[in-house]
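This is the structure I want to talk about, given as structure tokens.
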Amino acid sequence: MNNKIGKDHPSSWNPNADKLTIHGWIRYHYKKKYICTVCGKIGKTHWSSNTHEYTRDINEYQERCCSCHMKYDFKMGFRSRNITQ
Ligand SMILES: [Zn+2]
């Protein structure tokens, strides 16, 4: 989409933007450490939203490994067991 949008464009910010857009923004502005912040596992991590509100606040996100991400989402009720990823 529009790769030129930066952090100084609040007018272009749509709070209802879908999470793919937000994830693109996070990936663009922040480098992953590839360490799960929950269990410390090193490897593939996801940016996992703490609240699933998908704001542009990096504090809203943590790197979680696949397993911790799923567990967290289930625990918080973000994810239904009927949905496979
Ligand atoms: Zn983990």
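Here's the yes/no breakdown for (1) under 17 Å from K19 (Cα atoms); (2) surrounded by 11 or more Cβ atoms within 10 Å (Cβ to Cβ); (3) touching a helix residue (DSSP H, G or I) at 6+ places or on another chain (Cβ under 6 Å):
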site	(1), (2), (3)
V38	no, yes, yes
T45	yes, yes, no
Y54	yes, yes, yes
E63	yes, yes, no
S67	no, yes, no
K71	no, yes, no
F74	no, yes, no
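Of all residues in segment 35-72 being among the polar types (S, T, N, Q) and over 12 Å from the mean Cα position of the chain (by Cα), which is nearest to the ligand (Cβ to nearest atom)?
Ranking the candidates gives S67 first.
Mind listing whichever residues of segment 49-78 are on the phi < 0 side of the Ramachandran plot and of a type in the set (S, T, Y)?
S49, T51, T55, Y61, S67, Y72
Please indicate, with yes or no, whether at least one residue in segment 2-9 is outside any loop (DSSP other than H, G, I, E, B), of a type in the set (A, V, I, L, M) and either surrounded by 11 or more Cβ atoms within 10 Å (Cβ to Cβ) or at pLDDT below 90 (or both).
No, segment 2-9 contains no residue that is outside any loop (DSSP other than H, G, I, E, B), of a type in the set (A, V, I, L, M) and either surrounded by 11 or more Cβ atoms within 10 Å (Cβ to Cβ) or at pLDDT below 90 (or both).
With respect to G24, determine if the residue is surrounded by fewer than 16 Cβ atoms within 10 Å (Cβ to Cβ) and modelled with pLDDT of 85 or more.
Spelling it out, G24 is indeed surrounded by fewer than 16 Cβ atoms within 10 Å (Cβ to Cβ) and modelled with pLDDT of 85 or more.
May I pose another question? What is the one condition in (1) more than 16 Å from the ligand (Cβ to nearest atom); (2) among the aliphatic types (A, V, I, L, M); (3) at pLDDT 85 or above that A17 does not satisfy?
(3)
Taking interchain pairs and intrachain pairs at least six residues apart, which have beta carbon atoms under 8 angstrom, with the first residue in segment 32-54 and farther than 15 Å from K71 by Cα and the second of a type in the set (A, V, I, L, M) and surrounded by 12 or more Cβ atoms within 10 Å (Cβ to Cβ)?
I42/I35; Y54/A17; Y54/I22
The values are calculated or read from the model by the stated rules, or taken from the named source; none is laboratory data. Everything numeric here is computed off the predicted structure, so don't read it as measured data. Neighbour counts run over all protein chains shown; Cβ positions are idealised from the backbone, glycine included.
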